[in-house]
1. Residues that are of a type in the set (A, V, I, L, M) and either closer than 11 Å to Ile288 by Cβ or free of Cβ contacts under 8 Å to residues at least 24 places away in the same chain (or both): does the range 197-214 have at least one?
2. Can you find, within the range 266-321, the residue that is modelled with the lowest pLDDT among those that are assigned to a strand (DSSP E or B) and under 24 Å from Ala350 (Cβ atoms)?
3. Please go through the range 19-49 and give me each residue that is surrounded by 24 or more Cβ atoms within 10 Å (Cβ to Cβ) and in a helix (DSSP H, G or I), ordered by number.
4. Which one of these does Arg257 not meet: (1) in contact with a helix residue (DSSP H, G or I) (Cβ under 9 Å, 6 or more places away or on another chain); (2) in a helix (DSSP H, G or I)?
5. Right, Gly239: of a type outside the set (Phe, Trp, Tyr), surrounded by 14 or more Cβ atoms within 10 Å (Cβ to Cβ), modelled with pLDDT under 95 and touching a Gly at 6+ places or on another chain (Cβ under 8 Å) or not?
Amino acid sequence: MASNPQDSMVDVVVIGAGQAGLSAAFYLQKSGLEPNDGFVVLDQSERPGGAWQHRWPSLTLETVNGVSDLPGLKFSDVVPVEQSSVHASDAVPRYYEAFEEKFDLRVQRPVSVSVVCGGEERFRVETDRGIYWARGLINATGTWEKPFIPYYPGIDTFRGRQLHTKDYNTADEFRGKHTIVVGGGISAVQLIDEISRVTSTTWVTRSEPVFRDAPFDPELGRRAVALVEDRVRRGLPPGSVVSVTGIPVTEQVRDARSRGVLDRKPAFARIEPDGVRWKDGTFERADIIFWCTGFRSSLDHLAPLGLRGQGGGITMSGRLATQVAANPRVHLIGYGPSASTIGANRAGRAAVKELLATIDGVNP
């Protein structure tokens, strides 16, 4: 195995410093490994916050399902409860930064990981800051960098604008432009409420949206996690959990309903230069198609490891389904059942325990 002055030898590389990556780093440190010696955390962002720092300005702590506490530091100790109206893009990065400082995790940033190659003894992690050789790998890159836009016939012929949730900043850029909002998740509902205040909108979803009047509780969360866990253990791509959790009926949702902007239409059949057309021939003109259709796991840099099966999913194993069945020295946190703030914390602890046992050759 060749090396050069820029090479670094560590036991574990953690890719990503969002909730999942920070949780894993905490438990790696607790196991006795030293930051930047026994393990290293690589993050492509210039500052702490993970994907939260890129959320749209109107997303506040009141309008998210909740930010789970990282181990050893309560969110409320950094962002008081009475600040629930604060922007999530400010509050969560503030919390993550405080966590990094408290436990001296020494996250390396900005570092871009280009590719990870496998070896019998160590993984070769290639970055724009040099090469890391690691015995084990914890990937916590999440989904923000992989916005998903479904294919529709004629999608490339549309003469208007096509935007994704990731591109959203404020409703003002939609002003006066009829917008078709596609997607049945929480973000779609929140954003159609904002956009519909400055322009005309049409809401389109593949299936009938499921609304939830009851508050989000642990049992609902467990059901959602179990649904996704079953899929990834069978090697299937993670599915949406909105059908389990539902869309919370907030005051914002009630107001949008009263204004008629949540009267959804089923999925259209094709896209044309000036709008969309349904199977029955109905046509609707559009200036903007706004894709609130979610994200996919950001795992392209792991392609050389050959983790995906024929169906496009990755068969997962381990106590909380974070361990790649085909390569036990690789753990994915933020993939499948751990793709939530609550799931990421529990998965970080389990992944570290199982990974260290695997690379040390002992039973976890």
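1. The answer is yes, given that some residue of the range 197-214 is of a type in the set (A, V, I, L, M) and either closer than 11 Å to Ile288 by Cβ or free of Cβ contacts under 8 Å to residues at least 24 places away in the same chain (or both).
2. Phe295
3. The answer is Gln19, Ala20, Gly21, Leu22, Ser23, Ala24, Ala25, Leu28.
4. Result: Arg257 passes all but (1).
5. The answer is no for Gly239.
For every residue, the table says whether it meets (1) in contact with a Lys or Arg (Cβ under 6 Å, 6 or more places away or on another chain); (2) touching a residue at least 12 places away in the same chain (Cβ under 8 Å); (3) buried (at least 16 other Cβ atoms within 10 Å of the Cβ).
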{"position": "Asp274", "(1), (2), (3)": "yes, yes, no"}
{"position": "Trp291", "(1), (2), (3)": "no, yes, yes"}
{"position": "Gly306", "(1), (2), (3)": "no, yes, no"}
{"position": "Asn327", "(1), (2), (3)": "no, yes, yes"}
{"position": "Val330", "(1), (2), (3)": "no, yes, yes"}
{"position": "Gly336", "(1), (2), (3)": "no, yes, yes"}
{"position": "Ala357", "(1), (2), (3)": "no, no, no"}
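The values are calculated or read from the model by the stated rules, or taken from the named source; none is laboratory data. Quick caveat: nothing in here was measured; it's all calculated off a predicted structure. Using ideal geometry, Cβ is built from the backbone for each residue, glycine included, and neighbour counts are taken over all protein chains shown.
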